[in-house]
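Student: I am attaching a structure below and will ask some questions about it afterwards.
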Amino acid sequence: MRKPASRPQAIIFENHCRANIQRIVQKASRIGAAYTPHFKTHQSAVVANWFRDEGITGITVSSPEMAMYFADHNWDDITIAFPFYQNQIGTIRHLSKNCSLRLMATDPKDVVLLDSETDETIRILIEIDAGYGRSGLTLDDSGSINAIIQKVDQSSHLAFAGFYIHDGATYHVKGQEAVRNLIQRDLNAFSRLQTTYSRRNLDYCLGDTPSCSLCDDLDPATELTPGNLVFYDLMQIQAGSCTWDDIGLLVRVPVAQEKPETEQCIIHGGAVHFSKDNLMLNGVQTYGQPVVLHENQTITPVQGSRISALSQEHGTVDGLSAIKKAYGVEQLREIWVCPVHSCLTANLFEMYHTPEGVPVTKRILS
């Protein structure tokens, strides 16, 4: 390992990430589903090539600008998993000339605009809200669903591709049974849609990491699009989606001050590095978990420690003595932290580093 970090760094572990990618590729093949990974987690052309090495050709992103970044790195089959809105039309028009696009529509008027503003074929997915309560159309809104399909069928440049569900509620339950019970509402929604639109050969895309990691039977989903599982994080540890040794990203932070009187230390690592995502861990609010990174790159949490508070640049870490004991030092100079949510944490860094200190380029901010 290198000398202690002089500023917060996002460290990624290629061997862990590649193993995570291989596992989901093999699973998708085993259950007969396509895998179109979401790249919003890593946002890196370098990491993207690890997926390409496993035979991945189609990808998912969350904005036209992110699609442009990956199109510039020779990805030409791109799904934008965010509802299309009319302000995006200029970028979409440009993208459609250079790659095959799937867009999500939630309004028939947007379909009409897309058809009038593009000369290329664009595939249309309808996002379904099966109970999560974010974007998408509910199953009861059959009028809007049918109107979108009708407008696509009447268009010159659009093709109806199917349905998409991302159920973020699975990130807040723990264990295979709880995730399975929750995701069943999404699979039931797909079954209803499949019955209603049985005359079409459609894609049924499922996008959350917990269900795709933990559940072996995701029928009738035909396509998986999770991306968080390339890195995983503390939230996924708590959900049971992964083990500590699957974690593909840690944050290395300098220690600025030890406070032995309160069993705390202050790190240079705040909300601008971790975001404000948090979870309840052993009954207390936690913004990140200090860990020991061993020489063989296995990872062990430091019991009795946590990031207990964040401001913009500062982080307060509880469990000073436990961390010093686990690290085998008299004075702490840095701490390795597993973030609560790797997608947001990764997004906040301008680049990654390997454990050996080699920079890994990425896209900067969404």
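Student: Give me, ordered by chain and number, the residues 5 or more places off residue 127 or on other chains with an amide H under 5 Å from its own placed amide H.
Tutor: 105, 137, 164
Student: How much of the DSSP bridge set in the chain is antiparallel, in percent, rounded to the nearest 5? Each step should come with its number before you reach the end.
Tutor: Working: 34 of 65 bridges.
Percentage antiparallel, nearest 5: 50.
Student: A further question on this structure: How large is the dipole of region 1-125 about the Cα centre if only Lys and Arg carry +1 and Asp and Glu carry -1, each at its Cβ, rounded to the nearest 20 debye?
Tutor: On the way: 14 positive and 13 negative charges, 165 e Å.
Dipole size: approximately 800 debye.
Student: Moving to a separate point now. Using the Cα gyration tensor of region 1-71, with a ≥ b ≥ c the square roots of its eigenvalues, what is the shape: rounded (a/c below 1.5), prolate (a/b larger than b/c) or oblate (neither)? Intermediate results must be reported in sequence, preceding the final value.
Tutor: Details: a/c = 2.89, a/b = 1.44, b/c = 2.01.
Oblate, since a/c reaches 1.5 and b/c is not below a/b.
Student: Another one. To test your reading of the geometry: what angle, between 0 and 90 degrees and rounded to tens, separates the Cα axis of helix 14-31 from the longest principal axis of the chain?
Tutor: Once rounded, one gets 40 degrees.
Student: Taking all protein chains in place and a 1.4 Å probe, what share, in percent, of the accessible surface of region 318-363 do carbon and sulfur account for? Can you show the working numbers first?
Tutor: Numbers: 1070 of 2020 Å².
Here it works out to 53 percent.
Student: Antiparallel DSSP bridges in region 168-304: what percent, to the nearest 5? All intermediate terms of the calculation are to be shown ahead of the outcome.
Tutor: Numbers: 10 of 12 bridges.
Close to 85 percent.
Student: What list of ³J(HN,Hα) values in whole Hz, one per residue of region 346-352 in order, does the Karplus curve 6.51 cos²θ - 1.76 cosθ + 1.60 (θ = phi - 60°) give from phi, with Gly and Pro shown as x?
Tutor: With the stated coefficients, region 346-352 comes to 4, 4, 8, 9, 7, 7, 9 Hz.
Student: What ranking do 291-297, 325-331, 273-279 get when scored by the average of other Cβ atoms within 10 Å per residue, highest first? If you can, show how the numbers build up before the last one.
Tutor: Values: 291-297: 13.4, 325-331: 11.4, 273-279: 20.1.
In decreasing order of mean packing, 291-297, 325-331, 273-279 become 273-279, 291-297, 325-331.
Student: For residue 360, enumerate residues with amide H under 5 Å from its amide H, sequence gap 5+ or separate chain, H modeled in the peptide plane.
Tutor: Residues meeting the amide H criterion: 352, 353, 354.
Student: Here is a further query. Taking only Cα atoms and a 10 Å spring cutoff, compute GNM fluctuations for the chain and point out the largest among 260, 220, 210.
Tutor: Most flexible of the set in this elastic network: 260.
Student: Sticking with this one: Please compute the per residue accessible area over the chain with all protein chains in place, 1.4 Å probe, rounded to a whole number of Å². It would help to have the intermediate numbers written out before the result.
Tutor: Details: 15340 Å² over 366 residues.
About 42 Å² of surface per residue is accessible.
Student: Around residue 23, what is the net charge, scoring Lys/Arg as +1 and Asp/Glu as -1 over all other residues with Cβ under 13 Å from its Cβ? Intermediate values should be presented prior to the final figure.
Tutor: Numbers: positive: 18, 27, 30; negative: 54, 216, 245, 246.
So the surrounding residues net to -1.
Student: How charged is the neighbourhood of residue 247? Take every other residue with its Cβ under 15 Å from the Cβ of residue 247, and add Lys/Arg as +1 and Asp/Glu as -1.
Tutor: Values: positive: 18, 23, 252; negative: 14, 233, 245, 246.
Net local charge, residue 247 excluded: -1.
Student: Could you compute the net charge surrounding residue 139? Neighbours are other residues with a C-beta less than 13 Å from the C-beta of residue 139; K and R count +1, D and E count -1. Numbers along the way, then the final one.
Tutor: On the way: positive: 185, 192; negative: 127, 129, 140, 141, 186.
With Lys, Arg at +1 and Asp, Glu at -1, the neighbours total -3.
Student: Okay, next question. Please list, in order along region 60-76, the HN-Hα scalar couplings obtained from phi with the Karplus expression 6.51 cos²θ - 1.76 cosθ + 1.60 (θ = phi - 60°), rounded to whole Hz, x for Gly and Pro.
Tutor: In residue order, the calculated couplings are 10, 9, 10, 7, x, 5, 5, 4, 4, 4, 6, 4, 5, 10, 6, 9, 10 Hz.
Student: A further question follows. Can you tell me the 0 to 90 degree angle between the C-alpha axis of helix 176-196 and the longest principal axis of the chain, rounded to 10?
Tutor: 10 degrees
Student: Based on the Cβ-Cβ distance from residue 329 to residue 365, what FRET efficiency comes out when R0 is 25 Å, to the nearest 0.05? Numbers along the way, then the final one.
Tutor: Details: r = 34 Å, r/R0 = 1.38.
Efficiency at R0 = 25 Å is approximately 0.15.
Student: In whole angstrom, note down how far apart the Cα centers of region 80-136 and region 158-219 are.
Tutor: Using only Cα atoms, the two centres lie 20 Å from each other.
Student: Can I ask one more? Mind listing the phi-derived Karplus ³J(HN,Hα) values for region 337-344, rounded to whole Hz, using 6.51, -1.76 and 1.60 with θ = phi - 60°, and x for any glycine or proline?
Tutor: Karplus values, whole Hz, x for Gly and Pro: 10, 8, x, 5, 9, 5, 4, 6.
Student: Return one number: the angle in degrees, 0 to 90 and rounded to the nearest 10, between the long axis of the Cα atoms of helix 142-154 and the longest principal axis of the Cα atoms of the chain.
Tutor: So the helix axis and the longest Cα principal axis differ by about 60 degrees.
Student: Then there's this: If you project the alpha carbons of the chain onto the principal axes, what extent comes out on each, in Å, largest first?
Tutor: 72, 41, 35
Student: How many nm is it between the label spots at residue 196 and residue 119, if each spot is 7 Å from the Cα in line with the beta carbon?
Tutor: Simple spin-label model gives 3.6 nm for this pair.
Student: Long-range amide H contacts for residue 309: which residues qualify at under 5 Å (H placed 1.01 Å from N, peptide plane, sequence gap of 5 or more or a different chain)?
Tutor: 316
The values are calculated or read from the model by the stated rules, or taken from the named source; none is laboratory data. Treat the numbers as computed from the prediction; the structure is a model and nothing was measured. Counting neighbours? That spans all protein chains shown, and the Cβs are built from the backbone with ideal geometry, glycine included. Heads up: the accessible areas ignore ligands, DNA and RNA and are worked out on the full protein's heavy atoms, side chains in. Shrake-Rupley method; radii C 1.70, N 1.55, O 1.52, S 1.80 Å.
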